[in-house]
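Scroll down for the structure; my scribbles are underneath it.
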Amino acid sequence: GEKDRLHGKPLFEAVVQLARERGLGGATVFRSPLGFGRNSILRTASVLSLPTDLPMVVEIVDRRVSLQKFAEEIRLLWDGGLI
């Protein structure tokens, strides 16, 4: 979600910066109007509810072996999301 933090900065930003530092092929962040995660709480950008913690998706592209290695590194830093 938008509010997730790692070392004081937005988690999605930290993940993208780390991917860049590791030399991965590319990364894009998407803000989603609707979704749920591990805890099954539905998050929505509905007009009736103020969107304060919308889902964030970080898409990273590279070779499979590089992505697997990076995913393991991320798991050590953050265990609250889905990879």
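Filtered by the rule that a residue be open to solvent by 60 Å² or more (accessible area, probe 1.4 Å), outside any helix (DSSP H, G or I) and modelled with pLDDT under 90, segment 55-80 gives W78, D79. Checking the stated criteria, V16 turns out not to satisfy the condition of being surrounded by 10 or more Cβ atoms within 10 Å (Cβ to Cβ), in a strand (DSSP E or B), at pLDDT 95 or above and not basic (K, R).
Which residue is least open to solvent (accessible area, probe 1.4 Å), if the candidates are limited to segment 42-51 and must be of a type in the set (A, V, I, L, M) and at pLDDT below 75? Give the steps one after another, and end with the answer.
Keep residues of segment 42-51 that are of a type in the set (A, V, I, L, M), which gives 42, 45, 47-48, 50.
In the following step, the residues that additionally are at pLDDT below 75 were identified as 45, 47-48, 50.
Numbers: A45: 44, V47: 143, L48: 170, L50: 149 Å².
So, considering only residues that are of a type in the set (A, V, I, L, M) and at pLDDT below 75, the one least open to solvent (accessible area, probe 1.4 Å) is A45.
The values are calculated or read from the model by the stated rules, or taken from the named source; none is laboratory data. Keep in mind that this is a model prediction, so the values were computed, not measured. Using ideal geometry, Cβ is built from the backbone for each residue, glycine included, and neighbour counts are taken over all protein chains shown. Only protein heavy atoms, including side chains, enter the accessible area calculation; ligands, DNA and RNA are left aside. Shrake-Rupley method; radii C 1.70, N 1.55, O 1.52, S 1.80 Å.
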